[in-house]
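Each remark here refers to the structure printed beneath this line.
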Amino acid sequence: MKPLRVSKMGRLLRHGVAAAAATVLLGLANSATHAQAAPAKTKFGDWELRCEKPAGASTEQCALVQRLVADDNSNVYLVVNVLKTSDGKSRLLSVIAPLGVLLPNGLGLKIDQTDIGRAGFVKCLPMGCVAEVTMDDKLIDQLKNGKIATFIIHQVPEEGIGLPLTLQGFKDGFAKLP
């Protein structure tokens, strides 16, 4: 997909950091190093429901996952994960962006033409930098009913790179998320 160039983002998203959940998410993004067995996968449109038992965990963790690489630059990518926390009380949206993003600018999000806001990056690891938000019912409904989610990263301060991610299958996949 061709990146979309944008210059401004609006209000802040509510965000929370759950270190244990982020570790699980990263395990789902790179299952070869963290999982004890091959993850179970089910497709929902352009989304994949992945369930696996991370090393050292007592229970299986599931996430709705979509990966995206820009057509014109393989160094610009995203791994988007949606999951419920292990206590079942919160739903998280976690996005892994490439190393080299400008951390102070955070990660922007538009759904269709609606500016949702920004989330800060919580940490960077060898595979990329992680932005994470606790999803409220309004955001979940926007994702379920939208067509395109555009995640915006910055590599230079003046210009953002918008990566359009299809929401086809999100509603059905989210309904099956344990």
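So in the stretch 128-147, with the set limited to residues that are closer than 15 Å to VAL79 by Cα and touching a Lys or Arg at 6+ places or on another chain (Cβ under 8 Å), which one is modelled with the lowest pLDDT?
Checking each candidate, the answer is VAL133.
Identify, from the list THR114, THR134, THR85, the residue that is in contact (Cβ under 8 Å) with a residue 40 or more places away in the chain and over 13 Å from the mean Cα position of the chain (by Cα).
Exactly one of THR114, THR134, THR85 is in contact (Cβ under 8 Å) with a residue 40 or more places away in the chain and over 13 Å from the mean Cα position of the chain (by Cα), namely THR85.
Which residue out of LEU165, LEU139 is among the aliphatic types (A, V, I, L, M) and assigned to a helix (DSSP H, G or I)?
None of the other options fit; the residue is LEU139.
Give the number of residues within the stretch 121-136 that are out of contact with any helix residue (DSSP H, G or I) (no Cβ under 8 Å at 6 or more places or on another chain) and either in a helix (DSSP H, G or I) or over 22 Å from ASP172 (Cα atoms) (or both).
3
Give the residue that is surrounded by the most Cβ atoms within 10 Å (Cβ to Cβ), with candidates limited to residues of the stretch 46-76 that are without any contact (Cβ under 8 Å) to a residue 24 or more places away in the chain and of a type in the set (Ser, Thr, Tyr).
Looking at residues that are without any contact (Cβ under 8 Å) to a residue 24 or more places away in the chain and of a type in the set (Ser, Thr, Tyr), I get SER74.
Please indicate, with yes or no, whether at least one residue in the stretch 120-132 is small (Gly, Ala, Ser), surrounded by fewer than 18 Cβ atoms within 10 Å (Cβ to Cβ) and within 24 Å of ARG50 (Cα to Cα).
Taking every residue of the stretch 120-132 in turn, none turns out to be small (Gly, Ala, Ser), surrounded by fewer than 18 Cβ atoms within 10 Å (Cβ to Cβ) and within 24 Å of ARG50 (Cα to Cα).
Is one or more of the residues making up the stretch 33-55 part of a strand (DSSP E or B), at pLDDT below 85 and either among the aromatic types (Phe, Trp, Tyr) or under 21 Å from ASP172 (Cα atoms) (or both)?
yes
Would you confirm whether any residue within the stretch 97-110 is over 29 Å from VAL156 (Cβ atoms), in a loop (DSSP other than H, G, I, E, B), small (Gly, Ala, Ser) and touching a residue at least 40 places away in the same chain (Cβ under 8 Å)?
No, that holds for no residue.
So how many residues does the stretch 145-162 have that are outside any strand (DSSP E or B) and surrounded by 14 or more Cβ atoms within 10 Å (Cβ to Cβ)?
Summing the residues that are outside any strand (DSSP E or B) and surrounded by 14 or more Cβ atoms within 10 Å (Cβ to Cβ) in the stretch 145-162 gives 1.
So for the stretch 167-177 (the condition being over 23 Å from LYS43 (Cα atoms) and surrounded by 16 or more Cβ atoms within 10 Å (Cβ to Cβ)), does at least one residue qualify?
Within the stretch 167-177 (the criterion being over 23 Å from LYS43 (Cα atoms) and surrounded by 16 or more Cβ atoms within 10 Å (Cβ to Cβ)), the answer is no, since none of the residues qualifies.
Among the residues of the stretch 73-113, which ones are more than 29 Å from LYS53 (Cα to Cα), out of contact with any Phe, Trp or Tyr (no Cβ under 9 Å at 6 or more places or on another chain) and modelled with pLDDT of 95 or more?
ILE111, ASP112
Taking the stretch 68-96 on its own, how many of its residues are part of a loop (DSSP other than H, G, I, E, B) and over 22 Å from GLN168 (Cβ atoms)?
7
The values are calculated or read from the model by the stated rules, or taken from the named source; none is laboratory data. These numbers come from a predicted model, not from an experiment. Positions of Cβ are generated from backbone atoms using ideal geometry, with glycine treated the same way; all protein chains shown enter the neighbour counts.
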